[in-house]
Amino acid sequence: MEEKPEIPEFYRGRTILLTGSTGFIGKVLIWKLLHSCPLIKNIYILLRKKHGKDIAERKDELFSCPIFDNFRESNPKIFDKVVAIEGDVGEENIGISEKDKITILNEVSIVYHNAALLKMDATLAQAINVNTKGVIRMLDIASKMKNLEAFVYVSTAYSCCNEKEVEEKLYSIPGNPYDIVRSVDWLPPHVLERITADIIAPLPNTYTFSKRLTELLLEKYENELPVIVARPTIVVSSINEPFPGWIDNLNGAGGVAITTGKGILHSMPAHRNKKGDMVPVDVVCNTLVAIPWAEAKKKELHLKDSKIAVYNVAVTERDPITWGEFQQICMTAALKYPYETILWYPTYDVIQENMFIHQLEVIFYHMIPAYIIDFLLYLFGQKTFMVRIQKKINQGLKALRYFSTQQWTFRTNNTIKLKNLMNEADREMFVVTEKDVNLEHMAEQSAIVSKKYYFKEDLSNIERCKRKLKIFYAVRLSINELLFAYESTEATRRYFRLFLAFGTFCRVPNGTLLSANARDHHLATSQSVRIT
């Protein structure tokens with residue numbers, strides 16, 4: 001007799017409360033619940049008014065996302081299961097009405113707290129208000145729920161980034177966590193700003209610190225509430241679901257791939273031989289859906305202990321990709337599926353290990369061209385945008401630097417145990433580990449998805465885009481040969497090697513300067529990359 005999956009049956013008739021529903025993980029999590037657990041009763045999503053849009057408009061905007069197209073065509077009534085509730089985790093009592101609060105307390109049995117302030121440069125007060133106090137507010141609500149079975153807090157594996165080997169446990173910080181939260185309320189902002197670096201040490205920014213702080217505060221509830229911590233690493237585009245290559249933002253590693261293909265990004269601070277733990281978004285969401293079932297299963301089998309369960313959602317123990325390999329496959333995908341609008345021929349080797357040279361490249365590759373483009377747009381009466389984009393990219397690169405120049409090992413024992421609890425039907429439906437990921441194919445699918453859905457470009461114009469790319473290549477090659485022709489003195493050679501202006505020279509892993517022809521040979525002879 002064929003085995004039936006247990007996880008969808010677990011969700012039969014249950015009601016879920018989800019925060020952070022409009023984010024990358026949030027959207028895919030809703031899709032997965034509706035797709036694989038269709039007998040679910042309701043999904044309440046906490047939304048706040050934003051940019052002049054009320055929660056009804058924001059819900060419509062959420063479901064206009066392409067990943068929900070199949071539902072609109074085959075089963076539009078399934079959207080009735082998703083109910084928007086006005087609220088804000090940054091406000092007291094999460095900003096919900098008394099009527100909505102009563103509904104939540106009576107109906108909800110599983111909470112996914114996914115909302116977070118992701119800004120790495122947020123003030124300590126901002127980060128703690130949303131990322132720490134927001135969770136406490138949600139826990140206060142959850143503690144009054146009549147049928148609560150799981151409170152899944154979506155943290156980050158980098159909340160413990162001062163540890164080179166991160167186990168599935170809670171790590172302490174210097175000082176009393178509650179005193180730190182209280183100090184944010186009574187310290188003057190200018191004083192708090194001056195001592196922030198000392199407070200968050202040894203963590204690199206307020207985001208990771210606020211996440212670490214929150215995890216520690218959860219210990220108070222370990223004997224009172226069924227709290228679980230999920231820690232994803234760097235979340236990237238999907239392997240399979242909702243469809244291969246799905247991505248809808250320019251954050252993190254996905255943003256590096258897209259801006260490289262657009263010819264916008266020419267330098268990023270990273271160590272090419274360090275491994276970046278990049279986990280596909282569908283693997284993250286599969287794990288999130290399976291966690292409440294697994295905790296209930298462990299309780300049923302008397303395997304559950306009193307400590308808060310922590311799940312590192314990572315690929316470290318399955319040989320993750322290096323940053324050098326990552327940028328190589330991104331460039332290959334960018335050349336195979338070029339964008340219609342690009343600023344310059346994509347730079348093959350964007351990685352720069354020398355921070356001084358990186359800053360020079362930011363000036364000459366990023367900022368000066370951005371100001372020139374905006375000046376020309378201004379002259380022609382068009383809206384300027386490039387300087388704003390480059391500043392945003394540079395802020396992102398600054399935040400990424402800490403993570404792209406170091407390497408961690410994330411232990412995933414609980415995730416492995418989770419997989420072992422599943423039967424074969426559940427393992428097929430809820431893939432929580434991937435042993436064989438074709439990263440070249442994944443990068444290509446991501447390039448296609450970003451081209452079609454993010455930039456609204458017609459896929460039928462691929463050949464025309466390739467011809468346009470050849471023109472950019474010819475221009476770059478011409479400039480390259482011209483500069484080499486004039487590179488006749490030692491002073492000139494030093495000048496060009498220092499500034500590397502406008503993509504006329506190219507770097508390879510050993511730091512050698514190559515002509516365009518030599519670089520293309522290096523690209524053509526590069527070996528394929530897989531995670532096994």
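Some points to look at:
- Only one of the listed residues (100, 80, 88, 69) is under 25 Å from the mean Cα position of the chain (by Cα), in a helix (DSSP H, G or I) and at negative phi. That residue is 69.
Results for (1) in contact with a helix residue (DSSP H, G or I) (Cβ under 7 Å, 6 or more places away or on another chain); (2) at pLDDT below 90; (3) more than 19 Å from residue 259 (Cα to Cα), shown as yes or no for each residue.
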position	(1), (2), (3)
429	yes, no, yes
449	no, no, no
454	no, yes, no
461	no, yes, yes
465	no, no, no
470	no, yes, no
473	no, yes, no
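- When segment 104-129 is filtered for residues that are open to solvent by 20 Å² or more (accessible area, probe 1.4 Å) and either outside any loop (DSSP other than H, G, I, E, B) or out of contact with any Leu (no Cβ under 9 Å at 6 or more places or on another chain) (or both), the ones remaining, listed by number, are 105, 106, 107, 116, 117, 118, 119, 121, 125, 126, 129.
- For segment 375-388, the condition of being closer than 26 Å to residue 447 by Cβ, touching a Pro at 6+ places or on another chain (Cβ under 8 Å) and free of Cβ contacts under 8 Å to residues at least 60 places away in the same chain holds for at least one residue.
- Comparison of 474, 425, 443 shows that the only residue that is part of a helix (DSSP H, G or I), of a type in the set (A, V, I, L, M, F, W, C) and surrounded by 16 or more Cβ atoms within 10 Å (Cβ to Cβ) is 443.
- Filtered by the rule that a residue be in a helix (DSSP H, G or I) and either in contact with a Cys (Cβ under 8 Å, 6 or more places away or on another chain) or open to solvent by less than 60 Å² (accessible area, probe 1.4 Å) (or both), segment 449-469 gives 449, 450, 451, 453, 461, 462, 465, 469.
- Residue among 291, 351, 342 that alone is farther than 20 Å from residue 442 by Cβ, in contact with a helix residue (DSSP H, G or I) (Cβ under 9 Å, 6 or more places away or on another chain) and modelled with pLDDT of 90 or more: 291
- Residues being part of a helix (DSSP H, G or I) and touching a strand residue (DSSP E or B) at 6+ places or on another chain (Cβ under 9 Å) - total across segment 130-165: 10
- Residues in segment 366-396 that are open to solvent by 50 Å² or more (accessible area, probe 1.4 Å), over 23 Å from the mean Cα position of the chain (by Cα) and either among the charged types (D, E, K, R) or closer than 27 Å to residue 234 by Cα (or both): 1 in all.
- Tally of residues being of a type in the set (S, T, N, Q) and either farther than 20 Å from residue 308 by Cβ or surrounded by fewer than 20 Cβ atoms within 10 Å (Cβ to Cβ) (or both) across segment 130-172: 4
The values are calculated or read from the model by the stated rules, or taken from the named source; none is laboratory data. Just so it is clear, the structure is predicted and the values come from calculations on it, not from any experiment. Don't worry about glycine lacking a Cβ; one is built from the backbone with ideal geometry, like all the others, and counts go over all protein chains shown. Ligands, DNA and RNA are stripped out before the accessible areas are found, and what is left, the full protein with its side chains, is counted by its heavy atoms. Shrake-Rupley method; radii C 1.70, N 1.55, O 1.52, S 1.80 Å.
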